[in-house]
Amino acid sequence: MDQPLIEIENVVKCFGSNCVLNGVNLSIYRGQITSIIGQSGMGKSVLLKHIIGLLTPDSGRVLFEGKPLVSMKKDERKVLKRKFSYVFQDTALFDFLNVFENIALPLMENTAHVETQIKDRVQNKLHQLDLYDIENKYPSQLSGGMKKRVALARALVTDPEIVLFDEPTTGLDPIRKTAVHSMISDYQKRFGFTGIIVSHEIPDVFFISQRIAMLNEGQICFEGSPEEVQQTADPLVRNYIRGLESPHDELTGVASQSLGQKRLTREMFRLQRHHRPFSIVLLSVENLEDVDRIAGHVAGQTALKNFANFVKNNIYLTDICFRYDMNKIMVVLPDTDVDQAGMFCDKLSRNLDTDAIFNSSEQRKGLCFAVSAGIAQARGNSQIESMLSNVEKRQNIFWECRI
Amino acid sequence: MELLVAIKNPLVALGRYTMVFVQDLGRIVLYFFKGFILIFSLPLQVNKILQQIYFIGMKSVFVVCLTGAFTGMVLGLQGYYLLVKYGSTGILGSAVALSLVREMGPVLAAVMVIARGGSAMAAEIGIMRISEQIDALETMDIDPIRYLVSPRIAAALISFPLLTALFDVVGILGGYLTGSVLLGVNPELYFSRVESSVALADVSGGFIKSIVFAAIVVSICCYQGFYTHTRTEFGAKGVSQSTTSAVVLSCVMILIADYALTSFLL
């Protein structure tokens, strides 16, 4: 693996007699989103503040590209600081500035942009976060969710290289929560920034993160990919994740990924024990990013929600559909072979129409919503992993709508 | 716990408090100089300085006029009844003008600004500290001292002498009101005594005092708010503690500085 962008080495931080961080070691890699999970009060925010230099460790060090932050000269630190952006848990919006001035502040103070450019950039960020006509309002006049999105807009307006998010979605409704996640993921793909997210949103953060680290009792007790964290045998991690996971996906209302995986395992067991065949269908929304770009992330997530609802309404009681990934819904069809699964897809494509997906106000020109389907049938000697990789490969567009 | 130590060994406690106080004063002086130097860093924050002049200076005009008028009136009254015993009511103008220009103008104008603007500064910056707004400035690579403190220092250094001048003028008119209009001292004599007794050195001495007071008030008030998070109390209580100590410490330091300056200027 490459050299880490940020390394945290044996960081210890105590407040009085309370040692919050007790020898934390963590590596953050360039261009990846790393999520730090863990129970409340375990020092996740404190760790994040060490990375940006708001707090200094009692012992241990934080290195940026192999160089310790403390040994950097003032100018070097200045250059480094401008690469960072921080989304505070409690938003930390300036209460004496209005929304526009809040978002424009980092541009006005640190860049040579002219006023019209700043205005455009601020407007652009506000619209991407589904915020309209609030430029002249003060933070105290906004709801909690709106403040959160204004804070996000302020953090992203400078197009930073490294963004630290301290619980960016706490207090948001499910659609906006996933819209923010999808925006973070979308931005990361487009601009390749490095993201560090402190979050309790499980499993949502697994969809957008490349690495997960769990902080417990002042130390990192687990570090790995989202797949690894979900399959780990470590009882501490398992209990924490199970405790937070709901049986239903918050956005779409279909079953959650973990429930779907359990059902898949059960069907596999039934197949091996009772020779009952089953098929899986993976429905992927191919151009959710285009919808996000044209109509905004909220419209994108609403379309995904509508699509998931449509699928849920078109399956039998014995079938199950669950959220497999950020933009993927999987359907498990018991007692169904591959031909019948194909017929199920045909039925879906016949019944699906634009009105079911988009609200009339979002039917903007250039909007495209395409769904591809991959089908796989489980056979006696099938493994779940190979089935899943097959179903991911065998995708073809089965329904598309363009406006 | 601290109380126990103080009861058991008062000298140790006194020494400890003195050390902390002196250390704090040193930090406040450094804090002021940093803020002062950053006033001149480019680009100049003209708009922010003007806003603060409006807040510290303009909004204090009414209260300064009011207190100035009553101070002058009381001086006229007290001065008259003292001087009438010696048959020298003619020098009432000198007595009122010199006490105002040299002493009461700078001190009372500063105290009024502490009550109005200083407490507000400490509370505003303190709230920004506890709601992480100052941390947010740091993460954006905006120097919080330059952004928050420097405009206030510049505005105070400009506003204090002007408010002092206003206080003096209104006070002298107040003295005239009681001395001449109510108690019958010859108005021409009153004003000619004012003119002949107040030398340029008195006026410039008063201005030097007001500039020093401006530096003391603004640095103590901003400092107390800025370091709210290091207090023993947290949140709103921490802010109230900061505001209280900002007001008390600035008033005490102004009176101490006034004595020191007077002994140098006389």
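The values are calculated or read from the model by the stated rules, or taken from the named source; none is laboratory data. Just so you know, these numbers come straight off a predicted model, no measurement behind them. Cβ: placed from backbone, ideal geometry, glycine included. Neighbour counts: every protein chain shown.
A few remarks follow.
- Positions within the range A:54-70 being within 16 Å of A:PHE84 (Cα to Cα) and either touching a residue at least 60 places away in the same chain (Cβ under 8 Å) or of a type in the set (Ser, Thr, Tyr) (or both), in sequence order: A:GLU65
- Inter-residue pairs, beta-carbon under 8 Å, first farther than 21 Å from A:GLU201 by Cα and modelled with pLDDT of 85 or more and in the range A:25-41, second polar (S, T, N, Q) and in a loop (DSSP other than H, G, I, E, B), 6+ apart: A:TYR29/A:GLN210
- Residue count for the range A:267-303, restricted to those that are in a helix (DSSP H, G or I) and under 15 Å from A:VAL331 (Cβ atoms): 1
- Single match in B:VAL170, B:VAL185 (criterion: more than 21 Å from the chain's Cα centre (by Cα), of a type in the set (A, V, I, L, M) and more than 14 Å from every other protein chain (Cβ to nearest Cβ)): B:VAL185
Conditions tested, residue by residue: (1) small (Gly, Ala, Ser); (2) buried (at least 20 other Cβ atoms within 10 Å of the Cβ); (3) away from chain A (no Cβ under 14 Å).
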residue	(1), (2), (3)
B:CYS65	no, no, yes
B:GLY76	yes, yes, yes
B:LEU100	no, yes, yes
B:GLY105	yes, yes, yes
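- Residues (free of Cβ contacts under 8 Å to residues at least 60 places away in the same chain and more than 8 Å from chain A (Cβ to nearest Cβ)) located in the range B:128-155: B:LEU137
- Close contacts from the range A:378-392, counting a first residue that is buried (at least 16 other Cβ atoms within 10 Å of the Cβ) and a second that is outside any loop (DSSP other than H, G, I, E, B) and of a type in the set (Phe, Trp, Tyr), with Cβ to Cβ under 8 Å and a gap of 6+ residues or different chains, come to A:ALA378/A:PHE278.
- Filtered residues of the range B:4-45 (kept if more than 16 Å from B:ALA156 (Cβ to Cβ), of a type in the set (Val, Ile, Thr) and touching a helix residue (DSSP H, G or I) at 6+ places or on another chain (Cβ under 9 Å)): B:VAL5, B:ILE7, B:VAL12
- If the condition is being on the phi < 0 side of the Ramachandran plot and outside any helix (DSSP H, G or I), then the range B:166-184 contributes only B:LEU183.
- Cβ-Cβ distances below 8 Å connect the following pairs, each with a first residue in the range A:214-238 that is closer than 18 Å to A:ASN22 by Cα, a second residue that is basic (Lys, Arg) and buried (at least 16 other Cβ atoms within 10 Å of the Cβ), and a separation of six or more residues or different chains: A:LEU215/A:LYS44; A:GLU223/A:ARG211.
- Any hit, the range B:116-123, residues being more than 30 Å from A:PHE94 (Cα to Cα), out of contact with any Pro (no Cβ under 9 Å at 6 or more places or on another chain) and at pLDDT 90 or above: no
- Residues within the range A:90-133 that are more than 22 Å from B:ASP143 (Cβ to Cβ) and either of a type in the set (Phe, Trp, Tyr) or touching a Pro at 6+ places or on another chain (Cβ under 7 Å) (or both), tallied: 2
- Any hit, the range A:130-143, residues being within 20 Å of A:THR169 (Cα to Cα), in a helix (DSSP H, G or I) and within 14 Å of chain B (Cβ to nearest Cβ): yes
- Exactly one residue out of A:ILE202, A:ILE280 is over 20 Å from A:GLN301 (Cα atoms) and touching a residue at least 12 places away in the same chain (Cβ under 8 Å): that is A:ILE280.
- Verdict on A:SER45 being within 14 Å of chain B (Cβ to nearest Cβ), modelled with pLDDT of 85 or more and part of a helix (DSSP H, G or I): yes
- Contacts under 6 angstrom Cβ, first residue in the range A:101-118 being more than 14 Å from every other protein chain (Cβ to nearest Cβ), partner among the charged types (D, E, K, R), 6 or more apart: none
- Residues in the range A:50-82 that are more than 14 Å from every other protein chain (Cβ to nearest Cβ), closer than 24 Å to A:PHE165 by Cβ, among the charged types (D, E, K, R) and in a loop (DSSP other than H, G, I, E, B): A:GLU65 alone.
- The set of residues in the range B:75-107 being without any contact (Cβ under 8 Å) to a residue 12 or more places away in the chain and of a type in the set (Val, Ile, Thr) consists of B:VAL84 alone.
- Considered as a group, the residues in the range A:114-132 that are more than 26 Å from the chain's Cα centre (by Cα) and surrounded by fewer than 15 Cβ atoms within 10 Å (Cβ to Cβ) include one that is modelled with the highest pLDDT, and that residue is A:ASP120.
- When residues in the range B:232-246 are screened for being over 17 Å from the mean Cα position of the chain (by Cα) and surrounded by fewer than 18 Cβ atoms within 10 Å (Cβ to Cβ), 7 of them pass.
Residue-wise test of (1) in a helix (DSSP H, G or I); (2) modelled with pLDDT of 80 or more.
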{"residue": "A:PRO168", "(1), (2)": "no, yes"}
{"residue": "A:ALA179", "(1), (2)": "yes, no"}
{"residue": "A:TYR187", "(1), (2)": "yes, no"}
{"residue": "A:PHE207", "(1), (2)": "yes, yes"}
{"residue": "A:ALA213", "(1), (2)": "no, yes"}
{"residue": "A:GLU227", "(1), (2)": "yes, yes"}
{"residue": "A:LEU264", "(1), (2)": "yes, yes"}
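- Residues of the range A:86-100 satisfying the condition of being assigned to a strand (DSSP E or B) and at the interface with chain B (Cβ under 7 Å from one of its Cβ atoms): A:TYR86
- Single residue of the range A:142-199 satisfying the filter (within 12 Å of the chain's Cα centre (by Cα) and of a type in the set (A, V, I, L, M, F, W, C)) that is surrounded by the fewest Cβ atoms within 10 Å (Cβ to Cβ): A:VAL198
- The requirement of being in contact (Cβ under 8 Å) with a residue 60 or more places away in the chain, surrounded by 16 or more Cβ atoms within 10 Å (Cβ to Cβ) and touching a Gly at 6+ places or on another chain (Cβ under 7 Å) is fulfilled somewhere in the range B:201-209, by at least one residue.
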